[in-house]
């Protein structure tokens with residue numbers, strides 16, 4: 001809980017009493033590697049905070065091909081936000097890439113907490129700003145950058161994930177094949 005409080009305080013000025021109220025609605029959960037926090041087709045009614053471990057947002061096509069949308073390591077929030085707020089089915093999965101520990105928050109309980117104090121609106125706005133900026137950056141990279149530049153940016157943004165994410169999943173994040181990623185990595189290793 002200390003970790004969550006620190007992340008919240010970094011984003012917005014939330015009084016200790018409100019952090020205490022949040023703690024009451026948090027449930028500690030363990031999620032095993034390969035398990036889904038949210039599944040495509042499910043109407044999500046919860047979101048979480050990653051205390052330990054690593055998640056990814058992934059679309060899985062009918063033919064089984066995977067498209068990784070993003071990574072959520074420690075100190076990130078995980079959700080299918082649009083689906084949760086609209087009460088519709090999620091179009092993607094939130095998968096644990098490692099055995100993970102999260103603090104889970106029921107969405108209806110969150111709405112009651114949010115309505116109780118204006119600090120939570122400021123906090124939510126801060127999170128939404130971060131999400132929008134991240135989405136905008138990701139779209140720009142996919143549309144305008146070559147694969148090698150996207151890989152370089154991935155390594156700069158997620159340096160601690162180098163040994164935590166398989167080459168197949170990194171390739172699906174970059175929008176390339178694992179073989180293309182191998183060539184890019186070899187080319188970059190050969191650079192002075």
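Laboratory data are not the source of any read-out in this text; all were calculated from the coordinates shown. Since the structure is predicted, the reported quantities are computational estimates derived from the model, not experimental observations. Cβ atoms come from the backbone with ideal geometry, glycine included; neighbour counts cover every protein chain shown.
Some points to look at:
- Quarter of the Cα convex hull surface for the range 1-70, i.e. its orientation-mean projected area (nm²): 6.0
- Neighbour-count ranking [beta-carbon atoms within 10 angstrom, fewest first] of 117, 129: 129, 117
- For 11, 88, the sequence from fewest to most other C-beta atoms within 10 Å is 88, 11.
- Separation of the residue 145 and residue 1 label points, Cα + 7 Å toward Cβ, nm: 3.9
- Based on the reciprocal of the average 1/r between different C-alpha atoms, the Kirkwood radius for the range 145-192 equals 10.8 Å.
- The shape of the range 64-106 comes out oblate: with a ≥ b ≥ c from the C-alpha gyration tensor, a/c is at least 1.5 while a/b does not beat b/c.
- Dividing the convex hull volume of the alpha carbon atoms of the chain by its residue count gives 127 Å³ per residue.
- Taking the centroid of alpha carbons for each part, the range 13-90 and the range 133-192 are 23 Å apart.
- Cβ-derived FRET efficiency at R0 25 Å, residue 130 paired with residue 52, nearest 0.05: 0.75
- Taking other C-beta atoms within 10 angstrom as a stand-in for reagent exposure, 154, 173 fall in the order 154, 173, fewest first.
- Take the Cα of residue 162, step 7 Å toward its Cβ, do the same at residue 107, and the gap between the two points is 3.9 nm.
- Fully extended contour minus Cα-Cα distance, from residue 189 to residue 36, at 0.36 nm per residue: 51.6 nm
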